[in-house]
Amino acid sequence: MKKIAIIGRPNVGKSSLFNRLVKKRDAITSEQAGTTRDVKRRNAVIINKHVELLDTGGLDKGCELFDKIKEMSLKAAYKADIILFMVDGKGLPEEEDKKLFYELQNMGKDIALVVNKIDNDKMKEKLWEYYEFGTDAIFGISVAHNRNTVELLEWIASKVPDSDIVKEEEEIEEAEEKALAKVEPELDDDEFFSQYEHEDADDDGYFYTDVEEVEDDSIFAQNDMIKEFDENDLNHIKIAIIGRTNVGKSSLLNALLGEERSVVSTVAGTTIDPIDETVEYKGKQLTFVDTAGLRRRGRILGIEKYALMRTTEMLENSNMALIVLDASEPFMELDEKIAGLVDSNRLACIIVLNKWDISKREEHDKIILDVRDRFKFLAYAPIITLSAKSHQRVDKLNDMILEINDNYSQRIPTSQLNAVMEKALRRHQLPSMHGQVIRIYYATQYETRPPKIAIVMNKPRGLHFTYRRYLTNKLREAFNFTGTPVLFKAKTRGDK
């Protein structure tokens, strides 16, 4: 599959073109320079051919962050097969752009000069100024108004071999997906953000989500029937790396991948758009998502609203979360709020204590105790201490992820569940409710990822949360549920 890199200075429309080509609002766009910082990869179909698109950060220089963004962008360009070099058609040709264009052109790659923001016919006259670049592959387009993009698409398709043509079966599947997809109306920015506003915030303005009850419409029956997952889904683990700013999430992603995939700098909030990368490990596909660092809600400004929205979406689509904490600093209340997002999304979880190499050795035991005390609601989550920067113990994390995924995806036979339940009932009988005897008939698991267990009883309201916690502890003693939540649903006989 051919790789196509979209590169250029900040604010020329690279991410907008990327979104246009992948046919959805994927990359975050804004008028603020430096919105795109990491290289975003997505597969797409140009006319009728498969390609891999690379959206890169702006080629700017100055501070440490912008220098690293430029370095990552150029690396992507050098590895690409086709380069779309974008410039802003509203301005004059820049000497720095020409110099870089010539350098890339001399590498023998297929390269096109894409002059964006040619919003009307009158502005087409400005294209003549860009023939100074010495190429005939010039395309004056307007991404915002979707003007004159057909010729560009045809040029790209002509550079992709026929072996990458979309097969007929794939076209049929794509057509079916479009027919079934719900069409969403275009929203202005205020409406777009309001969809993701969370009213559940405390007086200090912290962002969090309250834990909700398990849905009533879950699949349930009075036998061993269980919601089945496709084998490919079970072998594909989606892992969100989450935490507040500057705890080392991007460094951890780079360490896990063994390459510099995500921009790392001392600037807080370096990662804006979540970056995902898939690796294969022991027959499983691990997709790691480096999410934007979360701040207190009152400090979320500008494009960070998009970052917050995308982080929330990634958590909803993940199976597991790595909660990254900075072991070299005191933990904050915000760390607990962020961990609450993992709990509310019912994700498998590992607590990662990063920067362990620079934490105070005499306080190591105290740090572990502090984590357990602060994150009691994640008592099931194992703790791993590591250093993403020096790669200390990072190799152990992948094996831990596979183990936790097995626990998260496991199915406990009904007979074994009921043996544990019977023993628990004999040891500690259910208390009565308003003089009424509460009886549990049996339990059965009705879903996995996470494990969900239905308790069939005469008075579901009589299952007090303290007794539910007691049953949870007994199940954890009997089965390996390390790293995964266990959810209960009280039902009467015959409920679906």
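The requirement of being of a type in the set (Ser, Thr, Tyr), at pLDDT 85 or above and assigned to a helix (DSSP H, G or I) is fulfilled nowhere in segment 69-91; no residue meets it. Here Leu402 clears all of (1) over 21 Å from Arg493 (Cα atoms); (2) buried (at least 17 other Cβ atoms within 10 Å of the Cβ) except the condition numbered (2).
Annotation: of all residues in segment 114-145 being of a type in the set (D, E, K, R) and either closer than 15 Å to Phe85 by Cβ or not assigned by TED's automatic domain parsing to the domain that holds Glu103 (or both), the one that is surrounded by the fewest Cβ atoms within 10 Å (Cβ to Cβ) is Asp136.
Residues that are touching a Phe, Trp or Tyr at 6+ places or on another chain (Cβ under 8 Å), under 23 Å from Met320 (Cβ atoms) and not in a strand (DSSP E or B) within segment 438-485 comprise Thr448, Arg449, Pro450, Pro451, Thr472, Leu475, Arg476, Phe481, Thr482, Gly483, Thr484, Pro485, listed in sequence order.
Can you tell me how many residues in segment 317-348 are of a type in the set (Lys, Arg) and under 18 Å from Thr385 (Cα atoms)?
Initial filter on segment 317-348 (of a type in the set (Lys, Arg)): 337, 346.
Subsequent filtering for residues that are under 18 Å from Thr385 (Cα atoms) retains none.
Of the residues in segment 317-348, 0 are of a type in the set (Lys, Arg) and under 18 Å from Thr385 (Cα atoms).
The values are calculated or read from the model by the stated rules, or taken from the named source; none is laboratory data. Bear in mind that the values here come from a model prediction, so they are computed numbers and not experimental data. Glycine also receives a Cβ, built like all others from the backbone with ideal geometry; neighbour counts cover every protein chain displayed.
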